[in-house]
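Everything below concerns the one structure shown next.
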């Protein structure tokens, strides 16, 4: 297994930025629980951090190395700040484009990795769970699946808090900079429901979505509501929740569960 951290200049966000990576290139097979994952080439997982996080979170708090070994995954973990992985519409502020287009192209050319839709997925926790869904639906040609954990997908609640001047979730000025007019938020493409419906209406391929949230997490209601939306849309998705809070105990368990469900469902079908 190889791990590392790189810095490169990203045009879409107009700055030097970091990403960490894990490659399962020299794994001892006695470490692996299920050898069938090594009967094919490595799959790719772009894994996103949450609010206040950075590219090393999934290495030091999470299980990026363990899932790389167990499931034969190239794991890439970028830094994107407190941006919710949104495009702001100008060069220097396009974080969705950075994650969904520029980063995969850089990884492809730098490492010589085949990063195509059929072998690539995206995941994340909290803000990164929202980001994984948003980026996957913005770039469905790049990702076959996303794994979204404890996703900050409460767009209606966010709009209500902004209108009320609440700073319960994030500072109000920050929310306005990120999401703009709260009266337009729910109907904009910052709302994954809007993104999903547009893809469905256009006949585009839509990534599989795995959702999970802890039952003691304040975001559980919003995640259940999004699962209800996907069910009504007859989407290809899977939702589960279980005892847990907004913490690494839950995210590590359910990243593993999400991969155990998603890989055979999407990538490693019999």
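Pick out the one residue from 226, 250 that is out of contact with any helix residue (DSSP H, G or I) (no Cβ under 9 Å at 6 or more places or on another chain) and either surrounded by 19 or more Cβ atoms within 10 Å (Cβ to Cβ) or part of a strand (DSSP E or B) (or both).
Being out of contact with any helix residue (DSSP H, G or I) (no Cβ under 9 Å at 6 or more places or on another chain) and either surrounded by 19 or more Cβ atoms within 10 Å (Cβ to Cβ) or part of a strand (DSSP E or B) (or both) holds for just one of 226, 250, which is 250.
What's the number of the only condition in (1) modelled with pLDDT under 95; (2) surrounded by fewer than 22 Cβ atoms within 10 Å (Cβ to Cβ) that residue 155 fails to meet?
The one condition residue 155 does not meet is (2).
Just for region 160-187: of the residues that are surrounded by 15 or more Cβ atoms within 10 Å (Cβ to Cβ) and assigned to a loop (DSSP other than H, G, I, E, B), which one is farthest from the chain's Cα centre (by Cα)?
180
Out of region 188-203, which residues are part of a helix (DSSP H, G or I) and either out of contact with any helix residue (DSSP H, G or I) (no Cβ under 7 Å at 6 or more places or on another chain) or under 15 Å from residue 152 (Cα atoms) (or both)?
Answer for region 188-203, where residues must be part of a helix (DSSP H, G or I) and either out of contact with any helix residue (DSSP H, G or I) (no Cβ under 7 Å at 6 or more places or on another chain) or under 15 Å from residue 152 (Cα atoms) (or both): 192, 193, 194, 197, 198, 200, 201, 202.
Select from region 57-89 the residues that are surrounded by fewer than 17 Cβ atoms within 10 Å (Cβ to Cβ) and either in contact with a strand residue (DSSP E or B) (Cβ under 7 Å, 6 or more places away or on another chain) or not in a loop (DSSP other than H, G, I, E, B) (or both) and list them in ascending order.
60, 65, 66, 88
Taking only region 15-35 into account, find how many residues are surrounded by 14 or more Cβ atoms within 10 Å (Cβ to Cβ) and in a loop (DSSP other than H, G, I, E, B).
3
If only one of 99, 133 is at pLDDT 95 or above, surrounded by 16 or more Cβ atoms within 10 Å (Cβ to Cβ), over 22 Å from residue 224 (Cα atoms) and touching a strand residue (DSSP E or B) at 6+ places or on another chain (Cβ under 7 Å), which one is it?
Testing whether each residue is at pLDDT 95 or above, surrounded by 16 or more Cβ atoms within 10 Å (Cβ to Cβ), over 22 Å from residue 224 (Cα atoms) and touching a strand residue (DSSP E or B) at 6+ places or on another chain (Cβ under 7 Å) leaves just 99.
Can you pull out every residue in region 143-157 that is within 22 Å of residue 199 (Cβ to Cβ) and part of a helix (DSSP H, G or I)?
Within region 143-157, 155, 156 meet the criteria.
State yes or no: is residue 136 part of a helix (DSSP H, G or I), in contact (Cβ under 8 Å) with a residue 60 or more places away in the chain and within 19 Å of the chain's Cα centre (by Cα)?
Answer is yes for this residue.
Do we find that residue 239 is buried (at least 17 other Cβ atoms within 10 Å of the Cβ) and within 23 Å of residue 36 (Cα to Cα) in this structure?
Judged against the criteria, residue 239 is not a match.
Being surrounded by fewer than 20 Cβ atoms within 10 Å (Cβ to Cβ) and in a loop (DSSP other than H, G, I, E, B): is that true of residue 4 here?
When the stated conditions are applied, residue 4 does not pass them.
The values are calculated or read from the model by the stated rules, or taken from the named source; none is laboratory data. Because the structure is a prediction, the values reported are computed rather than measured. So basically every Cβ, Gly included, is an ideal-geometry build from the backbone, and we count neighbours across all protein chains shown.
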